[in-house]
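Any read-out appearing in this document is the output of simple, stated calculations on the displayed coordinates, not a laboratory observation. Please read all numbers here as calculations on a predicted model, not as lab measurements. Heads up, the Cβs are rebuilt from the backbone with ideal geometry, glycines too, and the neighbour counts pull from every protein chain shown.
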Amino acid sequence: AFAGAAQPQCVLREPKTRNTRLKRVHLPNPHPKTGRFSPSSVTRWRRHVHGAGFGGLISDSLGGRSRNGWGSFCLTPSEPQGAFAAGHALPLRPWRDCLDRDWPHAIGCDQKGPLIWQTASHQDWRSLMKTLAVIKVGLRTQFVFPDVKPPHTDIESRHWLSYPIATHRTRKWGNGMRLPNQLYFKIRQSDGGNIVGAIFHIPHLPPPAFCPDHKAVERTWEQVHALLDHINSGSPRTYPMIPDDAPARRRSALKPHIDTVTLERIAE
C-alpha cells in the first residue's frame, strides 16, 4: 500500500515505433487507517487508465511476464511532504526464509543486500530491451535439459524458474499447470531522462500442487543470483555457471553479448 497520492508513470512500447512513451495517471489515496485501496477507488483508477489509452497495459502487460518490462509502472509522490515521500521500509526478508510461504510477500535479500539489480543507463527503449533480453537468455541457458525427447520424466532445475516451457514440458506437471516467474523485470526512468532496467526477486515456494522440492528450488535460485552477481562483478568474467559443452557451446556463444552488459546491486 502506498500512503499519500502518487503519480504512476506508465512506460510502454508503442506498437509500431517501439518508442518509450510516458504518461501520468493519478493513483487514489489508500484508506488512512488500513493503508488499503477500496474496490471503488481501484475501479475508478482503472477507468482513468483506460481513458489515458493504457487499457491493454492493465489487462495484458503487468507482472513477471510483461515482456522484459514492457508496461512498467513507476510511482512517484505527488506531494513531497506526504507519508510516501517520507519513506517506508522496503519489504525485505532473507530470501531462503521466504520459501516458508507459497505466495509473494517480500523482496528477497542476502548478505549483500536486497536482491535488486540495475542495468546501466540507456537512451532508448530498443537498446535496453536488447540488454534485458541478453540477461534473460543467460539466466535460462545456464540450465541444461537432458538430451532426451520431451516431455521429461523428471522435474529439471529450469522448470522451477517458470512453467510451462513450450518445448520442455515435464510429465509430472503436464500441460495445464502454470508457474509464473518470481524474477521481475522492470523499466524505470533515470536521471537525465534516460531509462534503466531493474531486476528484482520476490521469492516464495511454488504452490503445493507442484510438490515443490525445497532444496531443488533453493539451488536453482542460488544459481540465478550467482549469475546476476557475476555480471555485476568488476573482475574478469568467466561465467562458470553456464555450460560450454559441445556441440552447443552455450558459454562461448553467449559471452560476446553478455560481456557488454553491466549490472549493479541497488538498495531499492
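Couple of notes before you dig in:
- Exposure proxy ranking, count of Cβ atoms within 10 Å, fewest first, for 110, 191: 191, 110
- Between the amide H of residue 152 and those of 169, 170, 171, distances stay under 5 Å, these residues lying 5 or more places away or on another chain, with hydrogens modeled in the peptide plane.
- Shape of segment 141-268, Cα gyration tensor, a/c cut at 1.5: oblate
- Close amide H partners of residue 120, meaning residues 5 or more places away or on another chain with modelled amide H under 5 Å apart, are 262.
- 3J(HN,Hα) from dihedral phi, segment 104-111, Karplus parametrisation 6.51/-1.76/1.60, rounded to Hz, x for glycine, proline: x, 9, 6, 7, x, 9, 9, 5
- For residue 109, the residues 5 or more places off, or on other chains, whose built amide H falls under 5 Å of its own are 93, 95, 115.
- Exceedance of the 18 Å cut-off in Cα-Cα distance is limited, within the set 136/186; 149/172; 136/255; 112/136, to 112/136.
- Here the residues 218, 268, ranked from fewest to most Cβ neighbours within 10 Å of their Cβ, fall in the order 268, 218.
- Cα-based shape type of segment 111-203, given that a ≥ b ≥ c are square roots of the gyration tensor eigenvalues and the cut on a/c is 1.5: prolate
- Distance (nanometres) between label positions extended 7 Å along Cα→Cβ at residue 267 and residue 194: 2.2 nm
- Whole-Hz ³J(HN,Hα) from phi, Karplus 6.51 cos²θ - 1.76 cosθ + 1.60, for segment 175-183, glycine and proline x: 9, x, 8, 9, 10, x, 5, 8, 9
- The loop-placed trypsin sites (Lys or Arg not before Pro) in segment 204-239, going by DSSP, that have at most 14 neighbouring Cβ atoms within 10 Å of their Cβ come out as 237.
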